Amino acid sequence: MRKAFALLIAVFFILGGCVVNEKPQQEEKPAAVDREPAADKPVQAEEPAREPEEPPALEEPVVPEEPSAPEEPAAPDADTESLAYLTAIEPVLTQLSEGLLMFGQLNIEASGDPSLLTDSRWVAEMAESLLMMEGASKELKGIDAPPQMEEAHHYLLLAGEEIAYVVENYPEAIDTMDIVGIEQCTEALLNAGVYLDKAAVLLGGAPPSY
């Protein structure tokens, strides 16, 4: 699983201030009065000199921290890959097993009662079983197997090819009562069963029921 990357948020604080210090004015005493009153002039008090203003206190801006390097996603281990593969093929194999089981039961019925070959119910159920088998064999081709599962997946693909042959040729062989065609489809099913058994053993499970 990939970890989410952390977001980097940089915040700057700029604070400024201005402080003015001013001392109160002090009055100067008037100068001495001239002896001649007529020449007296009013004496103006001089303004005291202002002290220089202090510069505003500035705070240094906060420098954002350097973002940390994102973590590299961990490579999936063999157990994780195997589990993902098994999870992907489980519904496909279930569908394939159900289709093969239905196919086998319908053929057993027809072998005991050949009139079923023209029965609408039997024909519809046979078509359904063939579609299930065909869909499963196609889905197997779209699943990627990890290295440790390649051999088992190879046998599953071989089984899918044999089943695809049956799906394509069996309906016509039944319709025309082509004995050679039926025998070839039967041989293909037997080959598919062998491949499925080998794949089941490599995957650590029991051979499928069909």
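Considering (1) closer than 28 Å to A84 by Cα; (2) crowded, with 16+ Cβ neighbours inside 10 Å; (3) free of Cβ contacts under 8 Å to residues at least 40 places away in the same chain, say which one Y165 fails and leave the rest.
Failing condition for Y165: (1).
Looking only at residues in the stretch 118-142 that are surrounded by 15 or more Cβ atoms within 10 Å (Cβ to Cβ) and aliphatic (A, V, I, L, M), which one is farthest from L101 (Cα to Cα)?
L140
Hey, can you tell me all the residues within the stretch 178-203 that are touching a residue at least 12 places away in the same chain (Cβ under 8 Å) and not in a helix (DSSP H, G or I)?
Correct list: L203 only.
Report yes if Q148 is touching a Ser or Thr at 6+ places or on another chain (Cβ under 8 Å) and either within 20 Å of N107 (Cα to Cα) or touching a residue at least 40 places away in the same chain (Cβ under 8 Å) (or both), otherwise no.
Yes.
Can you pull out every residue in the stretch 143-161 that is open to solvent by less than 60 Å² (accessible area, probe 1.4 Å) and either out of contact with any Lys or Arg (no Cβ under 6 Å at 6 or more places or on another chain) or assigned to a loop (DSSP other than H, G, I, E, B) (or both)? Spell out the reasoning first.
Step one: list which residues in the stretch 143-161 are open to solvent by less than 60 Å² (accessible area, probe 1.4 Å), which gives 143, 145-146, 149, 152-153, 155-160.
Of everything in the stretch 143-161, those that are open to solvent by less than 60 Å² (accessible area, probe 1.4 Å) and either out of contact with any Lys or Arg (no Cβ under 6 Å at 6 or more places or on another chain) or assigned to a loop (DSSP other than H, G, I, E, B) (or both) turn out to be I143, A145, P146, M149, A152, H153, L156, L157, L158, A159, G160.
On the basis of being closer than 17 Å to N169 by Cα and either touching a Phe, Trp or Tyr at 6+ places or on another chain (Cβ under 9 Å) or assigned to a helix (DSSP H, G or I) (or both), does A110 make the cut?
Details: closer than 17 Å to N169 by Cα: no; either touching a Phe, Trp or Tyr at 6+ places or on another chain (Cβ under 9 Å) or assigned to a helix (DSSP H, G or I) (or both): yes.
No: the conditions fail for A110.
The values are calculated or read from the model by the stated rules, or taken from the named source; none is laboratory data. Note that the coordinates shown come from a computational prediction; the quantities given were computed from them, not determined experimentally. Here the Cβ is made from the backbone with ideal geometry for all residues, glycine too, and neighbour counts use every protein chain on show. All accessible areas refer to the heavy atoms of the entire protein, side chains included, with ligands and DNA or RNA removed. Shrake-Rupley method; radii C 1.70, N 1.55, O 1.52, S 1.80 Å.
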